[in-house]
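One structure below.
Read-outs throughout are calculated quantities, based only on the coordinates presented, and are distinct from any laboratory measurement. Keep in mind that this is a model prediction, so the values were computed, not measured. So basically every Cβ, Gly included, is an ideal-geometry build from the backbone, and we count neighbours across all protein chains shown.
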């Protein structure tokens, strides 16, 4: 396995981890990725690329402020449900972007195809699951439990980002496992109904 292949696998694993975290919180993963670049801990050269802004002070301030506002807004019951309508497409965009950033320097066709397919689907998949969970929480507790649900999302997002940045392969394994469970749960009722039909 050559160096370029290893770099691609590492970048893809990190990106997919960050995309999954974007399914919980849209702005937190790009913000922490920006911090990572600022500290010089990310082995990706953004100079001259479309993502060069990520390592700027202004980017840190804007994304840091957006992250804080998002975290606080999700602590308000029923406002959180309204935010989900906006957060779902933004999560998809964030997922695509973070994967594209971590794959910067690879062939652009591969970079963007992988970012759209893997990054976008991962973040939207996680986001869809959180929307469903928040909906159940809103109905079952009349919104009282929603701030706790939101806090759990914050913790998951932060932990996944840190694992993605520090141990990308571990993050990838965990995310594939979680997505596998989600897919099985969605397909489960369909198979059961088909079985009863016969």
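Some values worked out for this structure:
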quantity	calculated
Distance from the range 42-78 to the range 118-185 (C-alpha centre basis), Å	20
Cα long-axis angle, helix 28-38 against the chain (0 to 90 degrees, to the nearest 10)	20
Ranking of 80, 154 by count of other Cβ atoms within 10 Å, fewest first	154, 80
0 to 90° range, to nearest 10: angle between helix 146-166 axis and the chain longest Cα axis	30
Kirkwood-type radius of the chain, with distances r between different C-alpha atoms, in Å	17.4
Förster-model FRET efficiency, 22 Å R0, residue 90 and residue 132, C-beta, rounded to 0.05	0.80
Estimated inter-spin distance, residue 78 and residue 169, nm [label 7 Å along Cα→Cβ]	5.0
Between 0 and 90°, nearest 10: helix 3-22 axis offset from the chain longest Cα axis	40
Residue-averaged 222 nm ellipticity for the chain, from DSSP H runs of 4+ at -39500 (n - 2.57), nearest 500	-26000 deg cm²/dmol
Point-to-point label distance, residue 144-residue 58, nm (Cα→Cβ direction, 7 Å offset)	4.7
